[in-house]
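Worksheet: the structure to be examined is printed underneath.
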Amino acid sequence: MNGIRGSQARSAEKVLTVVDLHKAYGQTVAVGGVSFEVDRNEIVGLLGPNGAGKTTIINMILGVLEPTAGRIGIEGVDIARHRSQVVGRTNFAAVYAPLPGNLTVSQNLRVFGLLYGVPTLSKRVQEVVEQFGLEEFRNVKCGLLSSGEQTRVGLAKAVLNHPYLLLLDEPTASLDPATAHDIRSKIREFARQGDGGVVWTSHNMYEVTEVCDRVLFLSRGKILLEGDPKTLPHEHGRQTLEELFISVAREPLTFAGA
Amino acid sequence: MRLQPVAAILLRHFYLLRGSPARVLPLFVWVAIDMVLWGFITRYLNVIASSGIDFVPVLLGAVLLYDFLIRVMQGVTLTFFEDVWSRNFLNIFATPLCISEYLCGLVLSSILTSAVGLVVMLVLATSVFGLAVSVYGLMFVPFLLVLFLFGIALGIFGSAVVLRLGPASEWFIWPIPGFVAPFVGVFYPLSTLPQWMRAVSYLLPPSYVFEGMRKVIDHGTLSPVMLLAGGGLAALYVVLACWFFAHIYRHALRTGLIARYSAETVS
């Protein structure tokens with residue numbers, strides 16, 4: 001019964017709740033009062049020009065950067081108070097955080113599986129290796145893989161612990177169009193089939209339109225716009241998401257009160 | 001503390017050692033060279049010295065004990081440096097791993113790697129140069145324990161310094177044992193030192209080990225108070241080093257250094 005009640009309570013919670021998040025480095029404000037939520041089975045895109053604060057927000061959600069103020073809750077649990085518990089059901093992949101190149105694919109997945117406390121680890125490693133088409137690279141050192149293959153290994157690590165919340169920082173940045181398409185399909189599948197949610201950053205507006213259920217436009221550490229990536233451009237008099245992105249990046253003040 | 005994350009740190013280091021002679025050889029080559037060099041030096045001193053002192057337990061034994069301390073310290077720092085060299089901090093600290101689990105993994109890794117060096121040194125020193133460990137009696141075990149604890153403390157302290165100052169600062173860490181050695185009387189009694197150096201010596205646990213070692217060789221006994229003082233100090237330094245590492249880690253979380261470690265500074 002407890003399990004059922006726990007499951008019902010969990011399904012009522014948002015996967016991610018960010019409330020009035022601030023991060024300042026001295027006088028420089030990197031994130032200035034950001035609030036948003038991610039629902040179950042939802043893919044939310046964080047968009048914005050370089051330096052807008054996307055990676056800073058992701059690092060705070062991952063627990064590797066302490067907010068100056070604000071609250072982050074994952075599955076209703078406060079990360080500041082219960083970091084290990086919360087982070088255990090979160091994971092991420094980022095192009096700037098490749099797995100150690102001096103370990104093989106299989107070794108890296110085993111080590112990170114232990115770090116995340118994955119049960120029946122050998123079976124789970126086999127599953128993600130198959131899921132991301134890494135069978136032939138199982139015993140190859142990660143440093144010898146192409147950047148696209150390394151990205152797939154990073155994504156395999158990112159889903160290893162069946163995370164409730166998956167944070168993907170430009171996950172397809174170094175992939176060819178065909179592989180990027182496959183990866184997008186896998187992430188969509190992850191979001192639809194499980195009961196988790198995804199935060200996705202990308203500078204590829206086509207990809208964002210295809211993948212994300214909702215997007216948040218960030219500029220100078222604040223959310224300026226929020227909405228469905230398919231309808232948001234028209235709501236603001238633009239033809240495409242890319243046009244809207246350029247406008248937000250160049251004239252953020254125009255959208256500040258939108 | 002959970003066992004799985006600790007096992008992950010150990011397993012990672014085992015994988016690295018298994019596939020890399022460049023990591024395995026240093027576990028015992030340098031200490032073996034030290035044993036051979038000091039073994040011959042002590043033989044020569046035994047021949048030319050008229051005092052009748054047997055230099056094997058006094059000098060070769062002292063080098064063995066100090067090399068053990070160095071191996072323990074490097075066992076911790078080298079496991080930590082693997083994360084520095086592979087730029088792995090963001091990946092590893094974004095997992096549920098606690099700092100206590102991480103440090104425990106570093107210590108266990110050091111126990112295994114330093115044990116390899118100790119066995120090689122003991123085999124060489126006893127079989128080739130006739131060092132009789134029985135000269136130290138039962139005191140040999142607490143001597144090793146005090147040095148082990150202080151080596152762990154130095155290793156964790158060094159790792160914290162590198163976490164705070166960036167990858168290039170690892171060159172501050174390698175010379176630490178050389179800097180400590182003159183104060184702790186590895187080769188000579190503390191009474192040889194000037195007063196100000198002796199004052200520093202009393203704060204360093206290895207001083208009690210090497211003074212104790214000479215007392216055991218000369219008189220066959222050692223005051224337990226002396227050994228307890230060394231052990232107590234070493235345990236205190238382990239606690240302080242862990243606190244220092246945790247403090248530096250929290251600073252890195254506040255400043256964003258974990259996520260931007262390759263920049264070495266966030267200012």
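The values are calculated or read from the model by the stated rules, or taken from the named source; none is laboratory data. These numbers come from a predicted model, not from an experiment. We place every Cβ from the backbone using ideal geometry, glycine too, and count neighbours over all the protein chains shown. Just the protein is used for accessible areas: all its heavy atoms, side chains included, with ligands, DNA and RNA removed. Shrake-Rupley method; radii C 1.70, N 1.55, O 1.52, S 1.80 Å.
Determine the sum of side-chain charges near B:Arg18: Lys and Arg each +1, Asp and Glu each -1, restricted to other residues whose C-beta is under 14 angstrom from that of B:Arg18.
Charge balance near B:Arg18 sits at +3.
Would you kindly give the portion of the calculated P(r) for the range A:188-258 that falls above 17 Å, as a percent of all Cα pairs? The answer is 42 percent, as a whole percent. With a cut-off of 15 Å between beta carbons, the residues surrounding A:Arg138 carry a summed charge of +1, where Lys and Arg count +1 and Asp and Glu -1. Along its principal axes, the range B:100-207 has C-alpha extents of 44, 38, 23 angstrom, given from the largest down.
Put simply, the range B:170-267 fits an ellipsoid with semi-axes of 37, 16, 10 Å; these come from the alpha carbon gyration tensor as the roots of five times its eigenvalues, largest first.
Taken over the C-alpha atoms, the range A:131-258 has Rg and Dmax values of 16.7, 53 angstrom. Name the residues of the range B:68-110, by number, that are at least 30 Å² less accessible with every protein chain in place than in the isolated chain; the surface is that of heavy atoms, probe 1.4 Å, without ligands or nucleic acids. So the qualifying set is B:Ser86, B:Asn88, B:Leu90, B:Asn91, B:Ala94, B:Thr95, B:Pro96. Each label point was placed 7 Å from the Cα along the Cα-to-Cβ direction; for B:Leu112 and B:Tyr44 their separation is 3.9 nm.
Probe radius 1.4 Å, ligands and nucleic acids left out: which of B:Val119, A:Val77 has the largest accessible area, and how do the rest follow? Don't skip to the answer; put the middle values down first.
Values: B:Val119 90, A:Val77 35 Å².
Output order, biggest surface exposure first: B:Val119, A:Val77.
Geometric descriptor of the range A:125-171, per residue, is 73 Å³ (volume of the convex hull of the Cα atoms).
Shape summary: the range B:1-57 maps onto an equivalent ellipsoid whose semi-axes, from the alpha-carbon gyration tensor, are 42, 15, 4 Å in decreasing order.
Which Cα, out of B:Val31, B:Cys98, B:Leu10, lies furthest along the positive dipole direction of chain B (beta carbon charges, K/R +1, D/E -1)? Looking along the dipole axis, the top candidate is B:Cys98.
For A:Lys54, a cut-off of 26 angstrom between C-alpha atoms picks up these lysines, skipping any fewer than 8 places away in its own chain: A:Lys14, A:Lys23, A:Lys157, A:Lys186, A:Lys222, A:Lys230. The Cβ shell under 12 Å around A:Val118 holds other residues with a net charge of +4, Lys and Arg each +1, Asp and Glu each -1.
Peptide A:113-124 is shielded by partner chain Cβ atoms: per residue, an average of 4 of them sit within 10 Å of its Cβ.
Rolling a 1.4 Å probe over the protein chains gives B:Arg43 an accessible area of about 110 Å².
Given a cut-off of under 8 Å on Cα pairs at least six residues apart, what relative contact order in percent is computed for chain B? Walk me through the intermediate numbers first.
Details: 313 pairs, mean separation 62.9, N = 267.
About 24 percent, as a whole number.
In this rough spin-label picture, where each label sits 7 Å from Cα along the Cβ direction, the A:Glu189-A:Ala24 distance is 4.7 nm.
Please compute, for peptide B:5-17, the average count of beta-carbon atoms on other protein chains lying within 10 Å of each residue's beta-carbon. Mind dumping the intermediate values first?
Numbers: counts 6, 2, 3, 8, 3, 2, 6, 10, 1, 2, 9, 4, 0.
Per-residue shielding by partner chains comes out at 4.
Solvent-accessible surface (1.4 Å probe) assigned to B:Ser100 amounts to roughly 60 Å².
State, in square angstrom and to the nearest 100, the accessible area buried between chains A and B, both chains counted, probe radius 1.4 Å.
Working: alone 12210 and 12830 Å², together 22430 Å².
Heavy-atom accessible area buried at this interface is about 2600 Å².
Among the residues of A:57-65, the average count of other protein chain beta-carbon atoms within 10 Å of the residue beta-carbon is 5.
Over chain A, Cα pairs under 8 Å with separation of 6+ residues give a relative contact order of 25 percent.
Take B:His247, A:His234 and sort them by solvent-accessible surface of the protein heavy atoms, 1.4 Å probe, largest at the top. Before the final figure, lay out the partial values.
Numbers: B:His247 75, A:His234 115 Å².
Ranking B:His247, A:His234 by accessible area, largest first, yields A:His234, B:His247.
Rounded to the nearest 5, what % of the DSSP beta bridges within the protein assembly as shown are antiparallel ones? Walk me through the numbers before you get to the answer.
Values: 21 of 39 bridges.
Antiparallel bridges: around 55 percent, rounded to the nearest 5.
If r is the Cβ-Cβ distance from B:Ser169 to B:Arg87 and R0 is 22 Å, what FRET efficiency results, to the nearest 0.05? Intermediate values should be presented prior to the final figure.
Values: r = 16 Å, r/R0 = 0.71.
Efficiency computed from Cβ-Cβ geometry: 0.90.
Surface exposure of the protein assembly as shown, expressed per residue as accessible area with a 1.4 Å probe, stands at 43 Å².
Only protein atoms count toward the accessible area here, which uses a 1.4 Å probe; on chain A, the carbon and sulfur part of that area reaches 50 percent.
When the Cα atoms of the range B:66-120 are enclosed in a convex hull and the volume is divided per residue, what value in Å³ results? Provide the component values of the computation, followed by the final result.
On the way: hull volume 3.8 nm³, N = 55.
Once divided by residue count, the hull of the range B:66-120 is 69 Å³.
With only Cα atoms counted, the protein assembly as shown has Rg and Dmax values of 28.1, 100 Å. Figure note: A:His162, B:His13 ranked by solvent-accessible area, largest first, 1.4 Å probe, ligands and nucleic acids not counted: A:His162, B:His13. Ordered from longest to shortest, the equivalent ellipsoid semi-axes for chain A are 30, 22, 18 Å, each the square root of 5 times a Cα gyration tensor eigenvalue.
The distance linking the range B:1-19 with the range B:119-167 is 22 Å (Cα centroid to Cα centroid, whole angstrom). Here the range B:116-219 exposes an accessible surface that is 77 percent carbon and sulfur, computed with a 1.4 Å probe and the other protein chains kept in place.
When only alpha carbons of the range A:139-195 are considered, Rg and Dmax amount to 11.7, 35 Å. Here's how it looks for A:Glu226: its modeled amide H is under 5 Å from those of A:Phe217, which are all 5 or more places away or on a different chain. Ligands, DNA and RNA aside, A:Val87 has an accessible area near 0 Å² when probed at 1.4 Å.
Legend: P(r) of chain B from all alpha carbon pair distances, 5 Å bins from 0, whole percents, reading 1, 6, 12, 16, 18, 15, 12, 9, 6, 3, 2, 1, 0.
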